[in-house]
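Colleague: Please read through the structure below; I'll follow up with questions.
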Amino acid sequence: MHLFSGPVRMPNFLYGYYERRLARSLDLGSVPRHIGVMVDGNRRWARQFNAPTSQGHQAGADKILEFLGWCQDLGIKVVTLYMLSTDNMSRSPEELDELMGIIANTLDLLDADADISVHAMGAPELLPEYLAQRVSSLTTRVPAKERIHVNLAIGYGGRREIVDAVRELLHDADAAGRTMADVADALSVDDISRFLYTRGQPDPDLVIRTSGEQRLSGFLMWQSAYSEFYFCEALWPAFRRIDFLRALRDFAGRSRRFGS
């Protein structure tokens, strides 16, 4: 069901050759339509270099832009990035201020790419007003030619998403004059799915988590019911294209079983 991928040591001059060979062997027809990524390990990466935490967050933001380029090259249509969870909101005010500023700058860079469409997932009321406004502005932009759709999970919690979906479903039913008994009797999986943050999008085929942790931490709890999982030991800022290609190769070799 899932794989733990550790680093493979080899001389640097061999990486280019191995990466090109791996890319050529990949069947582009087997790449996932939708990939979810838990961008984990920024702070640990900074500690490795005795650098400030903000430097780790900035390196992680830079990696996001690089990663989206890899996805566009491979024809992956939807990417969901877990950038900031509701649990992260308990970090120190100093770290959060720096992180929010880095996220805002990243949004500006995404806005500069006319081929990217962006959708925000999470609770905007948990964010500083300037960041919530940037998120709102970016998500209303419609690219002339969309090459990739990016969901940004900022101030996001998987349990909260399900609660929000049920709450919206109940309000919708009330507005339509339905009783709660009617709603309960007719309730289906599809009813809840159509009120999720990712409504109208395919569920993720593959979920990748970096940093060696092997848990979901509330990420896409509903949508990932039948996703494949790939756990990579590399910290997010150190995640390389070759690591990504390995994840895709592993995904292509799996026999997916939906509901068994």
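Read-outs: derived from the displayed coordinates by stated rules, not from any lab. Predicted, not measured: the structure shown is a model, and the values here were computed from it. Glycine gets a Cβ as well: all are built from the backbone with ideal geometry, and neighbour counts include every protein chain shown.
Colleague: Only helical DSSP H runs with n ≥ 4 go in: add -39500 (n - 2.57) per run for the chain, normalise by residue count and round the 222 nm mean residue ellipticity to 500 deg cm²/dmol. Could you put the intermediate results ahead of the total?
Modeller: Working: 9 runs with 115 residues, N = 260.
Rounded to the nearest 500, the figure is -14000 deg cm²/dmol.
Colleague: Here's something else I'd like to know. For the chain, take N as its residue count and report Rg(C-alpha) divided by 2.2 N^0.38 Å. Could the numbers behind the result be given before it?
Modeller: Values: Rg = 19.2 Å, N = 260, 2.2 N^0.38 = 18.2 Å.
For the chain, the normalised Cα radius of gyration is 1.06.
Colleague: Can I ask one more? Report, in debye and to the nearest 20, how large the dipole of the chain comes out about its Cα centre when Lys and Arg carry +1 and Asp and Glu carry -1 on their Cβ.
Modeller: 1180
Colleague: Can you give the relative contact order of the chain as a percent, counting alpha carbon pairs under 8 Å and 6+ residues apart? Numbers along the way, then the final one.
Modeller: Numbers: 376 pairs, mean separation 79.6, N = 260.
Reported relative contact order: 31 percent.
Colleague: Using only the alpha-carbon atoms of segment 157-196 as identical scatterers, what base-10 log of I(q)/I(0) does the Debye formula give at q = 0.25 Å⁻¹?
Modeller: After summing over all Cα pairs, the log10 values are -0.82.
Colleague: If the elastic network links every pair of Cα atoms under 10 Å, which of R199, R249, R240 fluctuates the most in the Gaussian network model of the chain?
Modeller: Most flexible of the set in this elastic network: R199.
Colleague: Another question, if that's okay. Please give the net charge around P143, taking every other residue with its beta carbon less than 11 angstrom from that of P143, where Lys and Arg add +1 and Asp and Glu add -1. List each step's numbers first, then the result.
Modeller: Working: positive: R141, K145, R147; negative: D111, D113, D115, E146.
So the environment of P143 carries a net charge of -1.
Colleague: Could you point to the residue in S193, T106, L152 farthest towards the positive end of segment 82-206's charge dipole, with +1 and -1 charges on the Cβ of Lys/Arg and Asp/Glu respectively?
Modeller: Highest projection toward the positive end goes to S193.
Colleague: Another question, then. Could you work out how far the C-alpha centroid of segment 105-128 sits from that of segment 52-68, in angstrom?
Modeller: First find each Cα centre; the distance between them is then 15 Å.
Colleague: Could you give the dipole magnitude of segment 133-260 about its Cα centre, charging the beta-carbon of Lys and Arg +1 and that of Asp and Glu -1, in debye to the nearest 20? Display every interim value, and only then the final one.
Modeller: Working: 19 positive and 17 negative charges, 153 e Å.
My answer is approximately 740 debye.
Colleague: Place the peptides 134-140, 231-237 in order of packing, highest mean first, counting for every residue the other Cβ atoms within 10 Å and averaging per peptide. Don't skip to the end; give the middle numbers.
Modeller: Details: 134-140: 15.6, 231-237: 22.1.
Put in order of decreasing packing, that is 231-237, 134-140.
Colleague: Something else: Size of the dipole of segment 157-196 about the Cα centre, Lys and Arg at +1 and Asp and Glu at -1 on the beta carbon, nothing else charged, in debye to 20? Mind dumping the intermediate values first?
Modeller: On the way: 5 positive and 9 negative charges, 35 e Å.
Magnitude of the dipole: close to 160 debye.
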